[in-house]
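See structure below.
Every read-out reported here was derived from the displayed coordinates using simple, explicitly stated rules and does not represent laboratory data. As the structure is a prediction and not an experimental result, all values here were calculated from the model. Cβ coordinates were reconstructed from backbone atoms using ideal geometry, including for glycine residues, and neighbour counts include every protein chain displayed.
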């Protein structure tokens with residue numbers, strides 16, 4: 001053990017593990033459900049047999065993964081005991097420097113795309129499939145219903161709404177409009193440079209733009225939560241200097257274990273832990289591979305490593321690392337990037353659908369984590385965080 005702060009028990013307590021709930025800290029659901037035309041209200045086997053569309057994002061990005069690789073649908077989430085998720089709106093303005101990235105052409109398109117995704121989630125809520133969790137009371141009440149139920153098959157899946165990359169915010173002051181729309185979490189970047197900060201994954205280096213500083217002040221005024229995921233090291237340093245509100249990392253792993261700019265160095269992990277952040281560990285194999293990935297030239301997974309090379313044991317290594325940095329189990333969580341990372345082709349070898357997230361329980365148990373520690377990782381840390389930082393009322 002590299003650090004002695006967090007001492008795992010030799011035998012975990014098994015009581016209640018089989019009924020433990022899950023909260024997924026990163027599910028960009030609109031990507032599959034809206035852009036790729038998947039009906040995510042269907043059982044997973046039916047979704048996997050549906051037609052694979054080339055993608056509805058725009059002419060600048062028609063990337064799609066096969067329907068047969070879909071990991072999540074709402075019935076599958078209920079089967080898995082996933083009571084809720086931080087779902088995302090993703091619209092990144094296209095840039096070709098240093099490498100092509102993005103899926104919309106300008107600020108107007110980013111705004112319109114973001115609103116379309118917002119309405120995708122709203123229609124699922126109107127149909128009773130999902131429930132928006134905009135306040136801490138709504139969050140607590142929703143989890144109480146799930147915890148007191150033995151049959152989840154008819155329950156709505158709860159969602160907190162976030163922007164993955166802030167390009168849909170046309171100008172900094174417009175963040176208040178998105179707050180009124182129910183958005184509660186924002187990261188300033190996705191891949192590469194956004195209107196507000198440098199991101200990761202394209203080999204870019206730099207910090208916040210002038211509008212980025214303005215946006216952070218408006219976010220703090222509105223009560224938004226800052227997500228430091230997908231943001232360059234220098235941008236995160238500047239964010240933490242400027243922004244005094246709550247901070248999380250929705251889908252983030254440790255660079256010391258999985259090298260590459262997309263992961264976070266210990267220096268910044270320690271800083272956000274000191275701010276009370278919860279760190280959702282991504283199930284993306286690119287972010288779990290021990291020898292790293294060149295994020296300025298992202299390779300095909302199958303060209304650089306076999307699927308068996310990455311498993312839930314690798315996810316547990318990141319849970320271990322964060323627990324040692326913090327001295328407890330209060331900061332690690334699930335941040336699946338579910339289906340946003342290309343479906344099961346981009347997931348650990350032992351994860352076929354989101355129901356297999358539950359296998360992490362046994363992995364942690366065998367490593368000596370107590371039932372309380374495992375509960376923290378699977379959902380309790382996210383629950384405490386959102387019940388603390390979501391507003392009391394709309």
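Taking the beta-carbon count within 10 Å as an exposure proxy, list 186, 273 from fewest neighbours to most. Write down the numbers at each step before the final one.
Numbers: 186 25, 273 22.
Least to most surrounded, the residues fall as 273, 186.
Projected area of the chain, taken from the Cα convex hull and averaged over every viewing direction, in nm²? Can you show the working numbers first?
Values: hull surface 68.0 nm².
So the mean shadow area of the Cα hull is 17.0 nm².
For the range 247-394, would you read off the P(r) tail past 29 Å as a percentage of all alpha carbon pairs? All intermediate terms of the calculation are to be shown ahead of the outcome.
Working: 1499 of 10878 pairs.
Everything past 29 Å amounts to 14 percent.
Please identify, among 276, 84, 336, the residue showing maximal mean-square fluctuation in a Gaussian network model of the chain using a 10 angstrom Cα cutoff.
276
Could you list, bin by bin from short to long, the percent of Cα-Cα pairs of the range 189-243 in 5 Å steps?
Using 5 Å bins, I get a P(r) of 5, 24, 33, 25, 9, 3, 0 for the range 189-243.
What shape does the range 321-394 take by its C-alpha gyration tensor, where a ≥ b ≥ c are the square roots of the eigenvalues and a/c under 1.5 counts as rounded, a/b above b/c as prolate, and the rest as oblate? Spell out each step's value before the answer.
Working: a/c = 2.15, a/b = 1.20, b/c = 1.80.
The shape class here is oblate.
Just to be sure I understand the model, the point goes 7 Å from the Cα along the line to the Cβ. What's the resulting residue 148 to residue 49 distance in nm?
3.9 nm
Under a GNM of the chain (C-alpha, springs under 10 Å), which listed residue has the highest mean-square fluctuation: 145, 185, 47?
145
Only Cα pairs under 8 Å and at least 6 apart count here; give the relative contact order of the range 17-389 as a rounded whole percent. Mind showing how you got there, number by number?
Numbers: 812 pairs, mean separation 68.8, N = 373.
In percent, rounded to a whole number, it is 18.
May I ask you to order 361-367, 304-310 by the average number of other C-beta atoms within 10 Å around their residues, highest value first? Please list the in-between numbers first.
Working: 361-367: 17.9, 304-310: 15.3.
Result, highest mean first: 361-367, 304-310.
When 1/r is averaged over all different Cα pairs and the result inverted, which Kirkwood radius in Å belongs to the range 139-199?
It works out to 13.8 Å.
At a 10 angstrom cut-off on C-beta neighbours, averaged per residue, how do the peptides 195-203, 253-261 rank from highest to lowest? Could the numbers behind the result be given before it?
Numbers: 195-203: 23.1, 253-261: 20.6.
Listed from highest to lowest mean packing, they are 195-203, 253-261.
Listing 44, 279 from the residue with the fewest other Cβ atoms within 10 Å to the one with the most, what is the order? It would help to have the intermediate numbers written out before the result.
Values: 44 22, 279 30.
Taking fewest neighbouring Cβ atoms as first place, the list is 44, 279.
As a test of the formula, what do you get for the chain when each DSSP H run with n ≥ 4 contributes -39,500 (n - 2.57) and the sum is divided by the residue count, at 222 nm and rounded to the nearest 500 deg cm²/dmol?
On the way: 13 runs with 123 residues, N = 394.
Mean residue ellipticity, 222 nm, calculated: -9000 deg cm²/dmol.
Give the Cα extents of the range 209-298 along the principal axes, in whole Å, largest first.
41, 26, 20
The range 139-279: Rg/Rh from Cα coordinates, Kirkwood Rh?
On the way: Rg = 16.3 Å, Rh = 15.9 Å.
In the range 139-279, Rg relative to Rh is 1.02.
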